[in-house]
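Remarks on the structure that follows.
The values are calculated or read from the model by the stated rules, or taken from the named source; none is laboratory data. For clarity, every value in this text was computed on a predicted model and none was experimentally measured. Virtual Cβ from ideal backbone geometry, glycine too; neighbours counted across all protein chains shown. Only protein heavy atoms, including side chains, enter the accessible area calculation; ligands, DNA and RNA are left aside. Shrake-Rupley method; radii C 1.70, N 1.55, O 1.52, S 1.80 Å.
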Amino acid sequence: MDLGLNPELDRAALAQTYRHDNRVQIRDVLRPESAQAVLEALHGVPWNLVFREGDKVVEMTPEQLRALSPEQAGQIRQIVDRGAQSGFQFFYNNYPLLQDYFRPGRQDREIFRAFEFLNSEPVLDFLREVTGLTDTRWVDAHGALYQANHFLKYHTDKSETEPRLAAYVLSLAHDWDLDWGGLLQFWNEDDDVEFALRPRFNALNIFTVPRRHSVSAVTSYAPPRRFSITGWLRADEPPFPIPATSQSR
């Protein structure tokens with residue numbers, strides 16, 4: 001997989017926007033063929049369904065999902081809805097890219113080249129230049145696929161255990177309709193949406209954390225097309241070297 005940043009990006013203008021708003025959307029961030037290659041790699045990964053049950057995060061593998069009866073699937077939806085009514089909740093397809101990349105004995109996947117690319121010095125230098133967050137040492141990552149009725153309630157991304165400097169979403173959604181939901185929303189102090197971004201193809205959204213944001217519910221009639229890679233710019237060291245060595249596997 002041959003990946004590269006778009007050489008036509010106006011880095012000075014992007015940096016100015018970030019300094020003013022503490023967020024920026026970078027459209028056409030990758031070369032077109034690079035963005036398409038990453039999307040095709042995401043199509044080939046095993047997607048887990050993730051949601052919260054009480055204080056526990058549940059991750060259901062594709063094998064577990066295929067074994068569900070209609071009644072069991074309905075029970076999961078009831079759990080999700082009850083949790084969303086009373087507190088923080090999410091419901092979407094997740095691919096644990098970071099964990100899979102460093103998992104001992106794992107098979108190699110094309111999507112790993114995207115993780116290595118995001119952690120290459122040219123990309124890290126670009127992120128530092130645009131955000132001004134010079135303490136950025138690496139970026140973690142997971143894949144996300146939002147389908148009908150998936151959502152992510154408002155939260156700040158603040159962590160007591162991880163030094164997260166900024167959040168990012170590499171959006172890879174082709175031809176997303178205005179009415180399909182799945183908007184990345186930012187909330188102001190009056191609990192109103194101050195800014196929202198629809199899913200796009202080959203657009204990188206970055207914003208300083210903590211910041212209140214959410215992903216609005218995807219409509220029941222939307223196609224399964226809201227792909228992304230998302231994670232955080234971090235100030236600590238990765239758990240193992242990137243690219244992974246035989247010792248880290």
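Extent along the principal axes, Cα only, for region 174-213: 32, 21, 10 Å, with the longest axis given first. Counted by Cβ distance under 15 Å from PHE91, the other residues give a net charge of +3, where Lys and Arg count +1 and Asp and Glu count -1. Annotation: PHE102 carries an accessible surface of approximately 20 Å², with a 1.4 Å probe and no ligand, DNA or RNA atoms counted.
Toward the positive end of the charge dipole of region 87-126, with +1 on the Cβ of Lys and Arg and -1 on the Cβ of Asp and Glu, the farthest Cα among LEU98, PHE88, PRO122 is that of PHE88.
Have a look at PRO199, THR136, MET60 and report the one farthest towards the positive end of the charge dipole of the chain, computed about the Cα centre with Cβ charges (Lys/Arg +1, Asp/Glu -1). Positive-end residue among those listed: MET60.
Of the two radii for the chain, the radius of gyration is 0.95 times the Kirkwood radius, both from the alpha carbons; that is the Rg over Rh value.
Assuming charge only on the beta carbon of Lys and Arg (+1) and of Asp and Glu (-1), the dipole of the chain about its Cα centre is about 320 debye to the nearest 20.
Ranking of TRP232, TRP187 by solvent-accessible surface, largest first: TRP187, TRP232 (1.4 Å probe, protein heavy atoms only, all chains present).
Here is the tail figure for region 166-249: Cα pairs spaced more than 21 Å apart come to 43 percent of all pairs. Ordered by solvent-accessible area of protein heavy atoms (1.4 Å probe), largest first, the residues SER228, SER216 come out as SER216, SER228.
When its C-alpha radius of gyration is set against 2.2 N^0.38 Å (N residues), region 112-184 gives a value of 1.31. Note that region 98-113 has calculated 3J(HN,Hα) couplings of 4, 5, 5, 4, 9, 6, x, x, 6, 7, 6, 9, 4, 5, 5, 5 Hz, one per residue in order, obtained from phi through the Karplus relation 6.51 cos²θ - 1.76 cosθ + 1.60 (θ = phi - 60°); glycine and proline are x.
Over the chain, what is the mean sequence separation of C-alpha contacts under 8 Å (at least six apart), divided by residue count, expressed as relative contact order in percent? Here the relative contact order equals 24 percent. The trypsin sites (Lys or Arg not before Pro) of region 128-164 that meet both conditions, a loop assignment by DSSP and at most 12 other Cβ atoms within 10 Å of the site Cβ, are LYS158. Normalising the Debye intensity of region 29-111 to I(0), with uniform scatterers on Cα atoms only, and taking log10 at q = 0.11, 0.19, 0.21 Å⁻¹ returns -0.42, -0.94, -1.02.
Taking all protein chains into account, the per residue accessible area for the chain stands at 50 Å² (1.4 Å probe).
For region 145-203, GluC sites (Glu not before Pro) meeting the loop criterion (DSSP other than H, G, I, E, B) and having at most 14 other Cβ atoms within 10 Å: GLU160, GLU189. With viscosity 0.890 mPa s and temperature 25 °C, the Kirkwood radius over alpha carbon pairs of region 1-73 converts through Stokes-Einstein to a diffusion coefficient of 151 µm²/s. Rolling a 1.4 Å probe over the protein chains gives THR61 an accessible area of about 50 Å². Rounded to the nearest 20, the size of the Cβ-charge dipole of region 85-231 about its Cα centre is 400 debye, with Lys and Arg at +1 and Asp and Glu at -1.
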